[in-house]
Amino acid sequence: MDIRAQISMVFHLDKCIGCHTCSVACKNIWTDRKGAEYQWWNNVETKPGTGYPGRWEDQEIYKGGWQRDTNGGIQLKGAGKKKGLINIFHNPNFPTVEDYYEPFTYDYLNLVEAPAGDDQPTARPVSLITGEPIDVKMGPNWDDDLGGTPDYARNDPNLEKLSPAEREAMFQLERMAFFYLPRICNHCLNPGCVASCPSGAIYKRGEDGIVLINQKVCRAWRMCVTACPYKKAYYNWYTGKSEKCILCYPRLEAGLAPACMHSCVGRIRYIGVLLYDAERIQAAASAADADLVARHLDMLVDPFDEEVIAAAQKNGVPDSTIKAAQDSPTYRFVKEWRLALPLHPEFRTLPMLFYVPPLLPVVASVREVADEQKKKSLNEISKVWPDNWLYDTSTEELWGTVEQVRFPLQYLASLFSAGDTGAVAARLKKLMAVRIFRRFKTVGDVSEEIMTKVLADTGLTQETAEAIFRLTALAKFNERFVIPPAHREQALEMLEFTGDARGSTGFGFRERPARGL
Amino acid sequence: MSRLLLARLTVPALAALFAVWSPPVAPAGAATGAETFGSVCAACHTIGGGKRVGPDLAGVNDRRPAEWLLKFIRSSQALVESGDPVAVALFAEHKVAMPDFPYSDSEIREILEFVKRGGAGGAAQPPAAAALRTTTPEDVRKGLELFQGTLRFANRGPACNSCHHVNNDAVIGGGILAKELTTVFGQMGGPGVQAILGKPPFPVMDQAFASRPLTEDEIFALVAFLQDADQHQQFQKPRDYGFKLFTSGLAGLVFLLALYGLFWRRRKVHPVNHAIFARQVRTQ
Ligand code: SF4
Ligand code: SF4
């Protein structure tokens, strides 16, 4: 056992309202710079849709991530030693700026400064790269506006596994639905970006597993841009270095949640420590498609297990981190309750960002009820519907609706479980069970019998269901964000000998004082 | 005039032939003129030693008006271009343009003064015994290597073939930036070549070797090589690839482009939404 700690994230997709507050928070802090305008370390996609950069999930185009080779090992699909060297000066699978979008602003000044004329002055879009007026062709979330068009929503790579009939059904007016998929770097356990870098500039921090690009070492080979299947490594054309989400590590070290999480309006985001067994990484990354999710979860270990704790301590994981792992909301969602799934596990980078798949909007059943009595008893000024149909979301036929969710299971499975519909269905059923349980408790229109049956079916107890409900709906900052103390002093001691500075100028000077020393 | 005659008599002809830039030991007053002459002018001119690259300067002060000399020394080509008959005739006779010298009037006058004295008080003395040695095939071979850059100059100066070419079987494609040197030995003679190598009067060459001068041995070897090249030029038949070199280069280019095209044929050329963008309406 080789137990290490990793900061991991859970995004609860049922709660995301697609407000993009997270993206803007991130942009304002980190990517509001020349050369980084087009980079959205956090972006929110509308699904079904092609995403950002366009069709990023299609690795036949971008050649990101890992693939299994004939001896059961894994190789990078488009980078790595051999392919990387051959293509080092000419990367053939590189996304162009049009695949992201040409960053632009508007010529606002013209609104104020335009000379008097016959027409109302306008603010034309202006490219942030060339400074010339441009036609906006694409934006960081184009799908949000153009989701329904055949060019975007219907080109979602995840629809490929669906039968034409299923696909058509998804786009019927009455059934049409979409959900939001916020994405940041997954801070993977088997990161393609790290493996691909010819300069060795990318590394995974030992203490918390955050994946970072050393800006001094980066030599602009841009292999990481190709190798990251999530397209979360970006090239800054101005500085000539690649950049990526840093999980706001300066904030984490100060005990604050990353900006995107802190600002999240839907409170969909959770952050916490997971302990994992590094010896199982290889098995998990090279598992057969059907076992990918199971192996991935096998790697995560129980932070309450004595043996695990001892092994972690032996590896130098501080007690405070182990404690954080025990309180971790992500451990709960991912492993204990098995509610969350990794995004595209078939890319085999072992992402450490997990998603609770969207159950909503639930499909209701419509049935006729005899409500004559009820109507008569109402006050005469009350509004009475002429028909007697009930739009019933309490689901008499229990799991029937899970199979008929708006997003076909096959579609969700293509996103979250490498095609394993069972894994998605199990999670959706649990979400449904918690719903039914809470409906029993608060609305009271579900019988106890049904409630007990759904809980038993999904293997939840009333306490667990309640806990899931609390962490989903009511959790405060400190429950959603369990951040281990950073122990930077230890990291520092690993890098430099503190005795060197002893007896010299206190904390040292960043700049020497003008008066001299 | 008598001083000039005296100078001719006192400076043995042979010594004058080998006169080069050896640092002149001169009386304090005449130092500058003598020094400049020794280090710059002597590369091409003698005083009473006969024609070298340029004419013998003995009596030049009497031959030409002082004004004319000032102008000519500052920029001979300007004078030639202005159509001055004497300058044109000189250029026609010697065929080598005298470089421009950015000296002040007084500096030039000092040099002329030195010339008038017949080089007395600092006349260039025959230098380096090395120059008197007879050349051996060894020297010629070393000179060839130095010329081609296969042997590096001790002070790391650039190899001759960066700019010059020599018609010689062993030399492939020397530079075309400066003069072709096959017959330079015949034109200038050993001492002239030697003087130029020691202290190049041409601004570009001077710059190139200013901080990386050639050693005496190297100069000797190069002179030996150039002499050899001059003497044996009739027997040299280096291959002239002519147009073939160009066509084979073109063929190589086409081949490489085809290879790249094949190698990167699956390259992602267009953005994924190319078709959409292509049919979008553009503002003009
Ligand atoms: S998501 Fe991409 S950039 Fe982030 S760690 Fe994984 S491979 Fe690297
Ligand atoms: S801030 Fe939260 S709710 Fe809003 S888009 Fe981002 S993840 Fe979704």
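Please treat every number below as a calculation from the coordinates, not as lab data. All of these numbers come straight from a predicted model, not from anything done at the bench. In this analysis, Cβ positions are derived from the backbone assuming ideal geometry, glycine residues included, and neighbour counts consider all displayed protein chains.
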Check your understanding: What percentages, rounded to whole numbers, describe P(r) for chain A computed over all alpha carbon pairs with 20 Å bin width beginning at zero?
Key -> 20, 51, 24, 5, 0
**Study point:** Beta bridges by DSSP in the protein assembly as shown, antiparallel share as percent, to the nearest 5
**Key:** 90
Practice item. Would you be so kind as to identify all helices of chain A, as entire DSSP H runs, whose Cα atoms reach 20 Å or more along the helix's own axis and whose mean Kyte-Doolittle hydropathy is at least 0.5? Key: A:421-438
**Study point:** Cα-centre dipole for the protein assembly as shown with unit charges at Cβ (Lys and Arg positive, Asp and Glu negative), debye to 20
**Key:** 1240
Study note, to complete from the structure: Applying the gyration tensor rule to the Cα atoms of region A:64-104 (axes a ≥ b ≥ c; rounded if a/c under 1.5, else prolate if a/b exceeds b/c, else oblate), the class is oblate
Check your understanding: So which of A:Lys429/A:Lys453; A:Lys137/A:Lys241; A:Lys15/A:Lys47 end up more than 18 Å apart by C-alpha?
Key -> A:Lys137/A:Lys241
Study note, to complete from the structure: For chain A the mean separation of alpha carbon contacts under 8 Å (6+ apart) over residue count, i.e. relative contact order in percent, is 20
Study note, to complete from the structure: Of the candidates B:Phe91, A:Phe347, A:Ala287, the farthest towards the positive dipole end of the protein assembly as shown (Lys/Arg Cβ +1, Asp/Glu Cβ -1, centred on the Cα centre) is B:Phe91
Practice item. Would you compute, from DSSP H runs of 4+ residues alone, the mean residue ellipticity of chain A at 222 nm, taking -39500 (n - 2.57) per run and dividing by the full residue count, rounded to the nearest 500? Key: -7000 deg cm²/dmol
Revision key, fill the gap. The answer for the per residue Cα convex hull volume of region B:137-231, in Å³, is 85
Review point. Mind listing which chymotrypsin sites (Phe, Trp or Tyr not before Pro) in region B:197-273 are in a DSSP loop and have 15 or fewer other Cβ atoms within 10 Å?
Key: B:Tyr241, B:Trp264
Check your understanding: Which is the longest run of chain A containing none of the chymotrypsin sites (Phe, Trp or Tyr not before Pro) found in DSSP loop states (not H, G, I, E, B) with at most 16 other C-beta atoms within 10 Å?
Key -> A:400-496
Revision key, fill the gap. For region B:137-231 the mean separation of alpha carbon contacts under 8 Å (6+ apart) over residue count, i.e. relative contact order in percent, is 39
Review point. What is the spin-label model distance, in nm, from B:Gln233 to A:Ser382 if the labels are put 7 Å beyond Cα along the C-beta direction?
Key: 12.0
Check your understanding: Within region A:293-311, what residues put their amide N at less than 19 Å from the label point 7 Å along the Cα-to-Cβ vector of A:Ala278?
Key -> A:296-303, A:307-311
Review point. When the convex hull of the C-alpha atoms of region A:1-126 is computed, what volume per residue in Å³ does it have?
Key: 242
Review point. Want the number for A:Thr442 to A:Leu85: 0.36 nm per residue separation, take away the alpha-carbon distance, what's left?
Key: 122.3 nm
Study note, to complete from the structure: Mean separation of Cα contacts under 8 Å (at least 6 apart) over the residue count of region A:129-281, i.e. the relative contact order in percent, is 14
Exercise for review: Sort B:Glu113, A:Glu463 so the one with the fewest other Cβ atoms within 10 Å of its own Cβ comes first.
Suggested key: A:Glu463, B:Glu113
Review point. Under a point spin-label approximation (7 Å from Cα along Cα-to-Cβ), what is the B:Ser75-A:Thr498 distance to one decimal in nm?
Key: 7.3
Check your understanding: Which residue, chosen from A:Asn158, A:Met176, A:Cys260, occupies the Cα position most advanced towards the positive end of the dipole of chain A, where the dipole is computed from +1 (Lys, Arg) and -1 (Asp, Glu) charges on Cβ about the Cα centre?
Key -> A:Cys260
Practice item. Return the tail of the calculated pair distribution for region A:19-67, meaning the percent of Cα-Cα pairs more than 14 Å apart. Key: 60
